[in-house]
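In what follows, a single structure is set out as structure tokens and then discussed.
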Amino acid sequence: MKITSISVQARDKNRVNVSVDGRYRFSLDITQVAELGLRTGKEYEEAELIQLEEESQFGKLYTRALEYCLMRPRSQREMQQYLYRKTRPRRVKTGEMRDGVSTELTQRVFDRLVEKGYLDDQKFAQFWVENRNLRKGSSMRKLQSELFAKGVSRDLINEVLDQSDRTDNDELEKIILKKRSRYDDEQKFLSYLARQGFRYDDIKSTLARLDEAES
């Protein structure tokens, strides 16, 4: 069987359609064409074409997983969960059920993302702490809980938090100044702050200090 055409897709200039013996067979990322040595006129056995189809699946899944990473940094557990969903059967627009990809393929995608530096739990934890600091106040306790839920190890969480110059007092003051006016009931506000992971004594002392400063 012979490759009879390799044409750039109209909807995605980064992918090409590959035809074998005059009929469409599969698509590839344009970089895969060079890596795999594809060219018009080259002949393949059926087993080789099946392997190329697997490369097509890998290229599609890797691109989607990379886009998922680039939306914001992801922890390794987040990516594992994302890839696991790709192994499950899904219903397509026609209403038919389509099998998911193999676990071997998802593991290969995961390993490539790690190799390329797109999955790094230390960098993810640093991003998470810095992002919370910029967007809103968060207690150390809440940050620990959030990062642990994302699959980051406790040792790595502690290491990143130890390197941060943020303190619970600063974060608590930030939240109070931003949110206090939204609460008519002081007790409800205290409960809200406690749910953010701050200690009750710290909440009371910070509120008293800010009240004194305003008077």
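The values are calculated or read from the model by the stated rules, or taken from the named source; none is laboratory data. The structure displayed is predicted, hence computed values, not measured ones. Cβ atoms come from the backbone with ideal geometry, glycine included; neighbour counts cover every protein chain shown.
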Residue tally, condition surrounded by 14 or more Cβ atoms within 10 Å (Cβ to Cβ) and not in a helix (DSSP H, G or I), over the range 107-152: 9
Conditions (1) modelled with pLDDT of 90 or more; (2) among the charged types (D, E, K, R); (3) surrounded by 10 or more Cβ atoms within 10 Å (Cβ to Cβ); (4) not assigned by TED's automatic domain parsing to the domain that holds residue 10: number failed by residue 25: (4)
Failed criterion for residue 56 (all others in (1) surrounded by 14 or more Cβ atoms within 10 Å (Cβ to Cβ); (2) closer than 30 Å to residue 153 by Cβ hold): (2)
Enumeration of residues in the range 35-53 that are of a type in the set (A, V, I, L, M) and surrounded by 11 or more Cβ atoms within 10 Å (Cβ to Cβ): 36, 38, 49, 50, 52
Restricting the range 173-201 to residues that are under 17 Å from residue 143 (Cα atoms) and surrounded by 16 or more Cβ atoms within 10 Å (Cβ to Cβ), the residue that is farthest from the chain's Cα centre (by Cα): 173
Residues of the range 8-21 classified as closer than 16 Å to residue 59 by Cβ and not in a loop (DSSP other than H, G, I, E, B), total: 5
Where a residue in the range 90-101 is in the same structural domain as residue 61 (by TED's automatic domain parsing) and basic (Lys, Arg) and its partner, wherever it lies, is part of a loop (DSSP other than H, G, I, E, B) and modelled with pLDDT under 80, with Cβ under 6 Å and at least six apart: 98/92
Every residue from the range 148-172 that is without any contact (Cβ under 8 Å) to a residue 24 or more places away in the chain and within 20 Å of the chain's Cα centre (by Cα): 148, 149, 154
Close pairs from the range 4-20: first without any contact (Cβ under 8 Å) to a residue 60 or more places away in the chain, partner crowded, with 16+ Cβ neighbours inside 10 Å and assigned to a loop (DSSP other than H, G, I, E, B), Cβ under 7 Å, at least 6 apart: 6/38; 18/38
Subset of the range 178-211 (residues that are among the aromatic types (Phe, Trp, Tyr) and either in a helix (DSSP H, G or I) or closer than 19 Å to residue 146 by Cβ (or both)): 189, 192, 198, 200
